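Asks: Take a look at the following structure, please.
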Amino acid sequence: MRPIRCRRFWPALLALLLLASAGPALAAPPETLLAEESAVYLRYDGLKSHRPAYEKTTLAGLLENEFGPLWKYVATAVQEALGPEALSEQLLRGGEPDELLAAQASLKQLPQLWDYLDRHGVALGAEINDPNPAMPQWQITFVFPDAKEAADRDAVLAGFRVLAMLTESEVKEIEREKRKVMEIVWGVATPIAARCWQEGDHVLLTIGSQPIEHTLALVDGKRKSLSANPALARLAGFKQYDTYLRGFGDTKRIFELVPMVFPPGQALLDEFGLSGLHGFAFHLGFEGTYQRSTVFVEAPEPRKGLLQLLAAPGEASLADLPPLPPDTVSAAVSRFDFERNYDAILAALDTGLKLVDPNAPSALEAVKEFETAAGIDLRKDLFAALGSNVAVYSGASEGPLMLGMTFAVEVRDEAQALASIEKLLGGMRAATGTDISVRTKKHGETDLHIVRVAEQGFPFAITYAVRDKWLVTSFYPQPVMGFLDRAAGKLTTWKVPAEVERLVQEARGDAGGVRVTSIQVGDPRPSVSSVLSIAPFFGSLVGAFSGQQSSFDVSMLPNSQAVVEKLTHNVTVAVDDGKSLRFETYSSLPMPFNLNGVELYALASFAPLLFLGIGF
């Protein structure tokens, strides 16, 4: 049997194999629909592809278990309330039946929009093409990736119709280059338009003053896309942990536009040193049990003007903290050059005032006059007596919110620092005509200085003391007294948790030529415990005042201990490598501020009154 000679079939067979292996054509990245000159870029992936990393975090466990019932209740209530409320407004305006049916259909598609965003996310680019106040040219572009499925596309378009409903605007359908475009126009003299249409596998939404041809030129390749921007490549190269949200801001590009709006702006930027701020970038994601964020601020040395404040004179360390209370809620330590930064702030202030108003009095001269009257040279007398270590902390037992906050500054010369503060207070008394006096009393072996300001409505008794090379001050004597007792070994002190030390070292990294410039540690547990302990009373009180006691089931609120025992410290570390500053944050539960005391009761007292006021 002769062998089959199939040499002639090899080209066709190879072509078939290549076609089979190629599969469907890949959609163009959403960044190809954003402009290369975008001053701000943001990309949210959606959480679905990051679920494995998210589910390991403390927050995911709390939302699934302890806060699960409450979370579902709130989500359902919001979803149910949105539709009827929007429809009732349409009815009150006398909407046509067809409009009401279309509105109802759009509202029913919103859950599909949330589901789409969870799966695919969204990309955003903001352009400022001409900041001329008379006729500004700008645009914000949203790209909804991979919305080729009819259900996803219709959900995004339904969201656009809801936007029109909320702004009481008319949606028009126009056609541009064989594209069906939905359009809303606001204003007449300087119209702002919102447009939405399908572009390949994606859906585009633009809001701004630019005509639609501005975007179509980008789509047709007549303008460069964001894919050509090196900042995008740097974002994509970040592999430190699983990220679901990232972006950048091109401050250099933004600052180039400032002189067009405000001609003296360039001189102001130069004097402030802000011209040396080239941009920033950020990443949000998950790493182990922590929610993570990393922020880069590009500010290469040498830094001038106010940017000198970022140039720390040494490395910050948790070992540099003064003795803190054992129930410390927040603590921060940083390095600060008082003498250099004082000069930079004064120079920037003086220049800024002169640029805004050439006839404005000189800040430098005003300070010199004050110093002469007070018999003090702030730079040589006060700031020269201070070191570079600065700490700020608060304890749950020392006062709620800022009332228990304590400021501590390293001291090189204790006698000179105290004498300078006394002169400074005397100068303020003479300059303002206010009766300012200082009462000194012993607390242990240390002098405690309590400042009295005889001014109606001034509620503070600012107190300061110097011990063990620390100048410590607070709004009231008690936090300072606590510091003195801890320094004398009479009270227990806060110990830095081993996990916090590990995170600081991890954030610093092993690279040479870098230094930690500041460390912030926060404990969310006291605040969470306080909030959850009073939340049932708060929920019942609102129901009682509204006459709807059964409207909220307080049993859906979790037990405080069940939540608190799962939490750990939040840590933020700033690292400087001479080219940029990097801020690394580790959070078990992010807290914007701490609630530890009477402010909770104030909230509980005012909330029912606010509720009733809204009702009336």
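Asks: Could you list, in sequence order, the residues of the stretch 464-489 that are without any contact (Cβ under 8 Å) to a residue 40 or more places away in the chain and within 26 Å of ARG439 (Cβ to Cβ)?
Replies: Scanning the stretch 464-489 gives ALA465, ARG467, PRO477, MET481.
Asks: How many of the residues in the stretch 100-113 are open to solvent by 40 Å² or more (accessible area, probe 1.4 Å) and touching a residue at least 24 places away in the same chain (Cβ under 8 Å)?
Replies: Residues in the stretch 100-113 being open to solvent by 40 Å² or more (accessible area, probe 1.4 Å) and touching a residue at least 24 places away in the same chain (Cβ under 8 Å): 6 in total.
Asks: Something else: As an exercise: evaluate LEU70 against (1) over 29 Å from PHE142 (Cα atoms); (2) at pLDDT below 75 and give the number of the one condition it does not meet.
Replies: Going through the list (1) over 29 Å from PHE142 (Cα atoms); (2) at pLDDT below 75, LEU70 breaks only (2).
Asks: Turning to a different aspect of this structure: With the checklist (1) among the polar types (S, T, N, Q); (2) surrounded by fewer than 21 Cβ atoms within 10 Å (Cβ to Cβ); (3) modelled with pLDDT of 90 or more; (4) touching a Gly at 6+ places or on another chain (Cβ under 8 Å) in hand, flag the one item GLN308 doesn't pass.
Replies: All conditions pass for GLN308, except number (3).
Asks: I need the full set of residues from the stretch 102-113 which are more than 26 Å from THR32 (Cβ to Cβ) and either β-branched (Val, Ile, Thr) or assigned to a helix (DSSP H, G or I) (or both), in order please.
Replies: Hits for the stretch 102-113 are ALA102, ALA103, GLN104, ALA105, SER106, LEU107, LYS108, LEU110, PRO111.
Asks: Could you check how many residues of the stretch 357-376 are assigned to a helix (DSSP H, G or I) and touching a residue at least 24 places away in the same chain (Cβ under 8 Å)?
Replies: 4
Asks: Can you name every residue in the stretch 114-158 that is in a helix (DSSP H, G or I) and open to solvent by less than 20 Å² (accessible area, probe 1.4 Å)?
Replies: Correct list: TYR116, ASP152, ALA155, VAL156, ALA158.
Results for (1) within 22 Å of ARG335 (Cα to Cα); (2) within 33 Å of the chain's Cα centre (by Cα); (3) open to solvent by less than 20 Å² (accessible area, probe 1.4 Å), shown as yes or no for each residue.
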{"residue": "ASP381", "(1), (2), (3)": "yes, no, no"}
{"residue": "ASN389", "(1), (2), (3)": "yes, yes, yes"}
{"residue": "GLN416", "(1), (2), (3)": "yes, no, no"}
{"residue": "LYS423", "(1), (2), (3)": "no, no, no"}
{"residue": "ALA430", "(1), (2), (3)": "no, no, no"}
{"residue": "ILE436", "(1), (2), (3)": "no, no, yes"}
{"residue": "ARG439", "(1), (2), (3)": "no, no, no"}
{"residue": "GLU445", "(1), (2), (3)": "no, no, no"}
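Asks: Given the structure, is PHE483 in a helix (DSSP H, G or I), surrounded by 13 or more Cβ atoms within 10 Å (Cβ to Cβ) and of a type in the set (Phe, Trp, Tyr)?
Replies: Details: in a helix (DSSP H, G or I): yes; surrounded by 13 or more Cβ atoms within 10 Å (Cβ to Cβ): yes; of a type in the set (Phe, Trp, Tyr): yes.
Yes: the conditions hold for PHE483.
Asks: Restricting attention to the stretch 53-77, which residues are closer than 15 Å to ARG292 by Cα and either open to solvent by 70 Å² or more (accessible area, probe 1.4 Å) or in a helix (DSSP H, G or I) (or both)?
Replies: ALA53, TYR54, GLU55, LYS56, THR58, LEU59, ALA60
Asks: Follow-up question, since we're still on this one. Would it be correct to say that THR351 is open to solvent by less than 20 Å² (accessible area, probe 1.4 Å) and among the hydroxyl-bearing types (Ser, Thr, Tyr)? Even if it seems obvious, please write down each step before you answer.
Replies: Values: open to solvent by less than 20 Å² (accessible area, probe 1.4 Å): no; among the hydroxyl-bearing types (Ser, Thr, Tyr): yes.
Considered against the rule, which asks whether it is open to solvent by less than 20 Å² (accessible area, probe 1.4 Å) and among the hydroxyl-bearing types (Ser, Thr, Tyr), THR351 comes out as no.
Asks: Of all residues in the stretch 490-509, count the ones that are part of a loop (DSSP other than H, G, I, E, B) and closer than 17 Å to THR294 by Cβ.
Replies: Final tally of qualifying residues: 1.
Asks: Pairs only if they're at least six apart or on different chains, beta carbon under 6 angstrom, first in the stretch 296-314 and closer than 22 Å to LEU349 by Cα, second part of a strand (DSSP E or B) and open to solvent by 50 Å² or more (accessible area, probe 1.4 Å); list them, first residue then second.
Replies: Hits for this filter: ALA312/ARG335.
Asks: Go through (1) at pLDDT below 85; (2) over 29 Å from the mean Cα position of the chain (by Cα); (3) open to solvent by less than 50 Å² (accessible area, probe 1.4 Å) one by one and return the number of the condition GLU89 breaks.
Replies: For GLU89, the exception is condition (3).
Asks: Do you know which of the residues in the stretch 558-588 that are among the hydroxyl-bearing types (Ser, Thr, Tyr) and not in a strand (DSSP E or B) is most open to solvent (accessible area, probe 1.4 Å)?
Replies: So the residue we want is THR568.
Asks: Can I ask one more? Since VAL162 meets every condition but one in (1) open to solvent by 60 Å² or more (accessible area, probe 1.4 Å); (2) touching a residue at least 40 places away in the same chain (Cβ under 8 Å), which condition does it not meet?
Replies: All conditions are met except number (1).
Asks: Hey, another quick one. Can you find, within the stretch 319-355, the residue that is nearest to VAL390 (Cα to Cα) among those that are of a type in the set (D, E, K, R) and either outside any helix (DSSP H, G or I) or in contact (Cβ under 8 Å) with a residue 12 or more places away in the chain (or both)? It would help to see each step written out before you state the result.
Replies: Initial filter on the stretch 319-355 (of a type in the set (D, E, K, R)): 320, 327, 335, 337, 339-340, 343, 350, 354.
When the remaining residues are screened for being either outside any helix (DSSP H, G or I) or in contact (Cβ under 8 Å) with a residue 12 or more places away in the chain (or both), the result is 320, 327, 335, 337, 339-340, 343, 350.
Details: ASP320: 9, ASP327: 20, ARG335: 6, ASP337: 10, GLU339: 14, ARG340: 15, ASP343: 18, ASP350: 26 Å.
Going through the qualifying residues, I end up with ARG335.
Asks: Right, another one. If you check ARG515 against the conditions, is it under 30 Å from ASP576 (Cβ atoms), open to solvent by 50 Å² or more (accessible area, probe 1.4 Å) and either of a type outside the set (Ser, Thr, Tyr) or at pLDDT below 95 (or both)?
Replies: Details: under 30 Å from ASP576 (Cβ atoms): yes; open to solvent by 50 Å² or more (accessible area, probe 1.4 Å): yes; either of a type outside the set (Ser, Thr, Tyr) or at pLDDT below 95 (or both): yes.
Answer is yes for this residue.
The values are calculated or read from the model by the stated rules, or taken from the named source; none is laboratory data. Values in this document were obtained by computation on a predicted structure and should not be read as measured data. Positions of Cβ are generated from backbone atoms using ideal geometry, with glycine treated the same way; all protein chains shown enter the neighbour counts. Remember, those area values only see protein heavy atoms, side chains included, never the ligands or the DNA or RNA. Shrake-Rupley method; radii C 1.70, N 1.55, O 1.52, S 1.80 Å.
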